[in-house]
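I have placed the structure first, in the form of structure tokens, so that the comments after it can refer back to it.
Readers should treat all values here as calculations from the given coordinates under stated rules, not as data from a laboratory. Every value quoted in this text rests on a predicted model; they were computed, and no experiment measured them. All Cβ positions, glycine included, derive from the backbone under ideal geometry; neighbour counts span all protein chains shown.
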Amino acid sequence: MFLLAGGMLFVGLMPASAQTRVKALPPSFIGLWAWDQESCAKPDDDGQVTIKPRSVDFYASGYSLQVISNRPDGTFHATALVSEEGESAKTRGTIALKLVASGRLLIKAGAPEGHIYVHCGAARP
């Protein structure tokens, strides 16, 4: 269901049959990602994202994935407990990830348009 409100397009709830609940993100998502190849080359660059099967960790925030769904368009959508740098309390949030090309992952967390990250390789320990 699509709703138009205040000039913005909102995607409503999808029928349960249109998405599949999964236990973890797919192996193709796992590893170190960054804004660009230059960010990949710099240890601890603030443009890096570490993705594990049930978590997504940005430079200053982390998403502990609670419920993960795989949608028909290939997007993995998750509800998460979000921790922000300098904050002791966790909040509830959502995150969406979609492989848009080999080595290119669209992540939407906070901003509706998201950002496409490039794959750097295996995550650093």
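The set of residues in segment 51-68 being over 10 Å from the mean Cα position of the chain (by Cα) and under 12 Å from ALA34 (Cα atoms) consists of TYR59 alone. I'd like the full set of residues that are assigned to a strand (DSSP E or B), in contact with an Asp or Glu (Cβ under 9 Å, 6 or more places away or on another chain), farther than 20 Å from SER28 by Cα and not small (Gly, Ala, Ser), limited to segment 60-110. Passing the criteria: only THR91.
Taking segment 79-105 as the search range and keeping residues that are in contact (Cβ under 8 Å) with a residue 24 or more places away in the chain and aliphatic (A, V, I, L, M), which one is nearest to SER64 (Cα to Cα)? So, considering only residues that are in contact (Cβ under 8 Å) with a residue 24 or more places away in the chain and aliphatic (A, V, I, L, M), the one nearest to SER64 (Cα to Cα) is ALA80.
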